Amino acid sequence: MSKPVVSRSPRIIQSVFVLLLLSLFACLSAFLVTMGAQIYKNTVDSAEENNHSRIASAVIRSAVWAEDGGDIQIEQMSEDITALSVVNEYDGVKYYKRLYCAMDSDPLDGEPRSFLWESYNSEGVEFKPENGESLCELNGFVPSIENNMLTVELETPAGTKSTIRMALRTGGAVK
């Protein structure tokens, strides 16, 4: 007795092959979308970190360049607040523009965070850190002046450290 010959229809093999190709395409598409999303997230995080550093640096440079005609000095406002102060005199009254780093609660989650602040007061007004305007989140701000050279060391929320060095144009900062 001979065995019956079982032959597979070419249509079944074709259908299985098409199904396998579609499955492979779906898996690779999902993989590429996942990888693209991760790359996009990393790019956005990196851009946000660069913006923190750039904004703080630009604010400090702009404040000093705009007010370089005044007396630029470093003031120890409290045990944990050191301010970069620009002192100008108008109509016999001294005005202090101060940049400093101080704690505040984040408006979104209420957690305490460190921010770069700007304060503008006349000499008769007592300095209170909370009376300034918070500019951007910043963990570290250490200004110093030596031989007409302003140096400010910054630390962003992600821990990136940078240093700003500026030659002051006026002689008021010579210490």
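The values are calculated or read from the model by the stated rules, or taken from the named source; none is laboratory data. Predicted model only: the values in this text are computed from it and were never measured. Here the Cβ positions follow ideal geometry from the backbone for every residue, glycine too, while neighbour counts run over all protein chains shown. Just the protein is used for accessible areas: all its heavy atoms, side chains included, with ligands, DNA and RNA removed. Shrake-Rupley method; radii C 1.70, N 1.55, O 1.52, S 1.80 Å.
Please verify whether Ile81 is in contact (Cβ under 8 Å) with a residue 12 or more places away in the chain, within 26 Å of Thr160 (Cβ to Cβ) and more than 22 Å from the chain's Cα centre (by Cα), treating the condition exactly as stated. Criteria not met by Ile81.
Of everything in segment 36-94 that's in contact with a Phe, Trp or Tyr (Cβ under 9 Å, 6 or more places away or on another chain) and open to solvent by 40 Å² or more (accessible area, probe 1.4 Å), which residue is farthest from Thr156 (Cα to Cα)? Only one residue tops the list, namely Glu89. Only residues in segment 140-155 that are without any contact (Cβ under 8 Å) to a residue 60 or more places away in the chain and under 13 Å from Ile72 (Cβ atoms) count as the first member; pair them with residues that are part of a strand (DSSP E or B) and basic (Lys, Arg), Cβ under 7 angstrom, at least 6 apart or cross-chain, and list the lot. Listed by first residue and then by second, the contacts come to Met149/Arg165; Thr151/Arg165. Count of segment 108-132 residues, restricted to those that are out of contact with any helix residue (DSSP H, G or I) (no Cβ under 8 Å at 6 or more places or on another chain), assigned to a strand (DSSP E or B) and under 21 Å from Glu48 (Cβ atoms), is 4. Within segment 88-103, is even one residue modelled with pLDDT under 85 and under 18 Å from the mean Cα position of the chain (by Cα)? Yes, that holds for at least one residue. Looking across segment 150-173, just one residue is among the basic types (Lys, Arg) and either at pLDDT below 85 or part of a loop (DSSP other than H, G, I, E, B) (or both), and that is Arg169. With respect to (1) of a type outside the set (Val, Ile, Thr); (2) over 22 Å from Ser114 (Cα atoms); (3) in contact with a Lys or Arg (Cβ under 7 Å, 6 or more places away or on another chain), the lone exception for Ala63 is condition (2). Glu133 meets the stated requirement of being modelled with pLDDT of 85 or more, within 19 Å of the chain's Cα centre (by Cα), of a type outside the set (Ser, Thr, Tyr) and exposed (fewer than 13 other Cβ atoms within 10 Å of the Cβ). Within segment 140-149, the residues that satisfy the criterion of being modelled with pLDDT of 85 or more and not β-branched (Val, Ile, Thr) are Gly140, Phe141, Pro143, Ser144, Glu146, Met149.
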